[in-house]
Each structure stands twice: as structure tokens, then as C-alpha cells.
Amino acid sequence: MTCCHSFPRTRPAKMPRPLSEAQLADYDRQGFLLASSLFDPDEIELLRRSAKEDKRLDDHAFGRDDGEGGTVRLSLWNHPGDGVYGAFARCDRIVERAGQLLRDEPYHYHSKMIMKDARVGGAWAWHQDYGYWYGNGVLTPNLVSCFIAVDPATKENGCLQVIRGSHACGRIHHQLTGQQAGADPERVTEILKRFELLHVEMSPGDVLFFHSNLLHRSDQNHSENPRWSMICCYNAKSNDPYKESHHPRYTPLNRLPDSAVREIGAQRFDAVGTAGSGTNGSGQGDEQSASMAWLDPNRDASATALNANSKDAEN
Ligand SMILES: O=C(O)CCC(=O)C(=O)O
């Protein structure tokens, strides 16, 4: 019998692998990995300022009832684009790690800005991201989300909470909670008896990588401080969805060197430090905006599909 594989396979030498075997093992055990200060203060300030001054984010923002009397506010786009958001989502620092965690070539599934505003920011119900994405024709949970802290995230302003190791529970039945997909509360209660709940407090520039089956939630923000974060989600090339949905099928990701974050960020603001044309929805901003493919909230069927036919077993 002839064998079609040749071993050992060698990986083309591209760049140092930033995550150690011990970190990969931690991720596999816990379902998440916190990379402190992955972005320097001046880099994250470029993202923070771009986002806070970006009228396009507001224009494309939509709310989802959190089922607790509040509303979460977010903007979501399918392609990373050539602007500051794209520089973060495409830079080696993030993409290389995502690839290591997926053990595959990552492609950009979408990014979003979670705009948890001071005093009014809504809560997120316990859920798994795969609970949202299962219905999109994604066959395995081999996706990773990279949560980039834009503002400080504290218990007071509704930092992310995770249940350590809960990704091992497999995909949990999801149902509509407000306008969000929430994991079966009975099961979550039982999981919380056996697994550890963690509040992930983060400083701007920290990044939490987490598995698509990791249970996570966050409280409403009753504090005086905003808690914005950008979440970049990647799917594995081999996990290319079998059907079309409101998020892309495999699309090669055009990676950028880490230096692009500062370079592209600098282009966005002019020499005297005022916002450039890209921030107000005109000029360059519009071109970037078009390439990003903002998600029309009416097309975001991830959660509402749960309501349409109650076929959670299929979602
Ligand atoms: O930002 C948060 O608190 C949670 C966001 C989240 O879980 C999501 O977008 O799926």
C-alpha cells in the first residue's frame, strides 16, 4: 500500500511562533488565554481615539435588548478593511496567535466594536459564540475570538466574565434572551457549580483569546466609565462554512506586519493631532467603510433565527 502523506511535515519558516507549547496547553485546558499588553499604550490609543471619533461606528451601530431592561450597542463588519480596525485585525501579533490556537490558517469571520457606554451599557447573557454561529453552516467550533480591551474593563463597568474550562461542555442549547442568544440557564447553573467563574479585568491593549464554546457574559455598566472593546473573530480555513450566511465563507486574510498599527493609525490623524478625513464618514473613511462590509442588523440572523422556529437543536 502506498501512503499519500509524507512525515515529518515541515512548516515553512515564516516567523517565530509567539505562543509557547505551555500557553497552547493552557488555552486547550481553560478555553482562553490572556495576553497582557499585546498592544502598547500609544497603539491602543490610536484605536480608542479612532473608534470614539468615528461617526461610521455610530451610523452602523445597532442595539440588542439584553433581557434585563437594558440594551447592548455594537457595530459589526465582515471584512477587516484597510483602516485602523483592519490594522488590528490583520496584524501578525493577532493573526499568528489565532492561527496557533486554531492549528490552522485563520480567516477573518467578522469584527465588532462593543460600545458599552457609561451608565447605560447593556448586559450580555451567558452564551457561547458557537451558539450564535452554528446556524451559519459552521461545522465545528474551531473558531477563536480575540477581545481587545479599548477602555479599562473592570467589574464596575461590566468586564467580561468567563467560566474556565466550559468549552469542554460542548455546544449548549441556546434560546432567545431578550434579543440575544442565551445558553440554557439550567445547564449554566449546573456548570457554575463545577467550573470556576472569572471576572476578566483588563487594561487597554490587553487581549483575551477565547474558544467559541467558552461560556461568557457581562453585566450592565452602571459606572461612570465606558467599557468599549473590539472583538475580532477568526474561523479556521478547514472549517469553511458549507453554506452562505451573513458572515463570510473562507476568504484569504491579507496579513500586515505589526508596524502597520502605528503607520495606519498615524495616517488617520493629521500632524496637529486633529481627526483626519477618515473619521467622519467622508473621503478615505468611506472607501474603508465600503470594503469592511458593515453588517446590516436586519441580516444578523444569528440570534433571531432561534426565535423563528425554536429549532435550537438545529441552531
Ligand atoms: O462585550 C461583552 O461583554 C460580550 C460581547 C460578546 O460576548 C459577543 O459579542 O459575543
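The trypsin sites (Lys or Arg not before Pro) of segment 175-263 meeting both criteria, a DSSP state outside H, G, I, E and B (loop) and at most 12 other C-beta atoms within 10 angstrom of the site's C-beta, are 243. Across segment 44-49, coupling constants 3J(HN,Hα) worked out from phi with the 6.51/-1.76/1.60 Karplus curve, θ = phi - 60°, read 6, 5, 5, 5, 4, 5 Hz, and Gly and Pro carry x. Mind giving me the FRET efficiency for residue 186 and residue 291? R0 is 51 Å, r the Cβ-Cβ distance, nearest 0.05 is fine. Working from the Cβ atoms, E equals 0.70.
Structure shown: which of 116/243; 112/155; 55/112; 112/237; 155/193; 55/116 lie over 25 Å apart, alpha-carbon to alpha-carbon? In this structure, 116/243 exceed 25 Å between Cα atoms.
Dividing the convex hull volume of the alpha carbon atoms of segment 117-195 by its residue count gives 126 Å³ per residue.
Working from Cα pairs under 8 Å separated by at least six residues, relative contact order for segment 88-197 is 28 percent.
Neighbour counts of other Cβ atoms within 10 Å put 110, 173 in the fewest-to-most order 173, 110.
Tell me the label-point distance for the pair residue 240, residue 105, using the 7 Å Cα-to-Cβ offset, in nm and rounded to one decimal. Distance between label points: 0.9 nm.
Kirkwood's formula applied to the C-alpha pairs of segment 125-164 gives a hydrodynamic radius of 12.4 angstrom.
The orientation-averaged projected area of the convex hull spanned by the Cα atoms of segment 100-151 comes to 4.9 nm².
On a per residue basis, the convex hull of the C-alpha atoms belonging to segment 52-200 measures out at 135 Å³. Computed log10 I(q)/I(0) for segment 21-309 at 0.10, 0.11, 0.15 Å⁻¹: -0.48, -0.59, -1.19, from the Debye equation with unit scatterers placed on every C-alpha and solvent omitted.
Each value in this text was obtained by applying a stated rule to the coordinates, not by laboratory testing. As the structure is a prediction and not an experimental result, all values here were calculated from the model. All Cβ positions, even for glycine, are placed from backbone atoms using ideal geometry, and neighbour counts span all protein chains on display.
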